[in-house]
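Asks: Next up is a structure, given as structure tokens.
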Amino acid sequence: MRQAQDGDQAAYSTVLRAIMPTIRAMAKRRGIDETMVEDVVQETLMTIHRVRHTYDPARPMMPWIAAIVSSRSIDVLRRSGRLRHREIMNDQAVETAADPAAYEPIAAIETGNILGQMLNLLTERQRGLVEKVKLQEKSLEEAALENRMSVPAVKMALQRAYARMRQYGIR
């Protein structure tokens, strides 16, 4: 991650690919339904991309990632309306109970920018909406206004964008 913070794209790609199984395992341990796990993974990766400069290389990376997964899991549950009916586990339990296999390095990792690959799968409008809502953290209302769309149309476009990324194996 230190190399990624210094601008090494290959190192950044390696880090993101290596932590994806861990993010999935953490989301599942938080009680996220299989149907929403990939949403948590996508949002976590985007958050890591946006805040990677805040990671302190002198500290362990997994607690930092666990905190981000926790926040994104809660966000996904809130948006789906399921938070009211779910108990959220504490972070320490998630960290200590994570699947050990999720921490193993991935054998053959492609180089390149994973986030860039994900965004390149999308239409220009979808890419713009994902960047506004997820990377710039604008509200759906702001994104709708800027794109001259209704809020339901923005929601539908975002859902299609996420589905397209999942369809092509970006998990």
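Asks: Taking only segment 125-136 into account, find how many residues are over 16 Å from the mean Cα position of the chain (by Cα) and closer than 18 Å to residue 167 by Cβ.
Replies: Count: 2.
Asks: From 141, 131, which residue is modelled with pLDDT of 75 or more, over 22 Å from residue 32 (Cβ atoms) and surrounded by 15 or more Cβ atoms within 10 Å (Cβ to Cβ)?
Replies: From the options 141, 131, the qualifying one is 131.
Asks: Only residues in segment 135-158 that are closer than 21 Å to residue 116 by Cβ count as the first member; pair them with residues that are of a type in the set (D, E, K, R), Cβ under 6 angstrom, at least 6 apart or cross-chain, and list the lot.
Replies: 135/50; 138/132; 143/132
Asks: Does segment 1-21 include one or more residues that are under 17 Å from residue 116 (Cβ atoms), in contact with a Phe, Trp or Tyr (Cβ under 6 Å, 6 or more places away or on another chain) and surrounded by 15 or more Cβ atoms within 10 Å (Cβ to Cβ)?
Replies: yes
Asks: Might you let me know whether segment 91-110 holds any residue that is of a type in the set (S, T, N, Q) and either at pLDDT 90 or above or within 11 Å of the chain's Cα centre (by Cα) (or both)?
Replies: No, there is no match, as no residue in segment 91-110 is of a type in the set (S, T, N, Q) and either at pLDDT 90 or above or within 11 Å of the chain's Cα centre (by Cα) (or both).
Asks: It is to be established whether one or more residues within segment 28-35 are surrounded by fewer than 20 Cβ atoms within 10 Å (Cβ to Cβ), free of Cβ contacts under 8 Å to residues at least 40 places away in the same chain, assigned by TED's automatic domain parsing to the domain that holds residue 70 and hydroxyl-bearing (Ser, Thr, Tyr).
Replies: yes
Asks: Take residues that are modelled with pLDDT of 90 or more and tell me which of the helices (runs of 4 or more DSSP H) falling wholly in segment 1-61 contain 1 or more.
Replies: Filter on segment 1-61 gives 9-29, 34-51.
Asks: Now, a different point. Which residues, taken from segment 26-39, are small (Gly, Ala, Ser) and under 13 Å from the mean Cα position of the chain (by Cα)?
Replies: Of everything in segment 26-39, just one residue is small (Gly, Ala, Ser) and under 13 Å from the mean Cα position of the chain (by Cα), namely 27.
Asks: Shifting gears a bit: Being under 21 Å from residue 134 (Cβ atoms), surrounded by 20 or more Cβ atoms within 10 Å (Cβ to Cβ) and without any contact (Cβ under 8 Å) to a residue 24 or more places away in the chain: is that true of residue 51 here?
Replies: No; evaluated as a whole, the condition is false for this residue.
The values are calculated or read from the model by the stated rules, or taken from the named source; none is laboratory data. Just so it is clear, the structure is predicted and the values come from calculations on it, not from any experiment. Glycine gets a Cβ as well: all are built from the backbone with ideal geometry, and neighbour counts include every protein chain shown.
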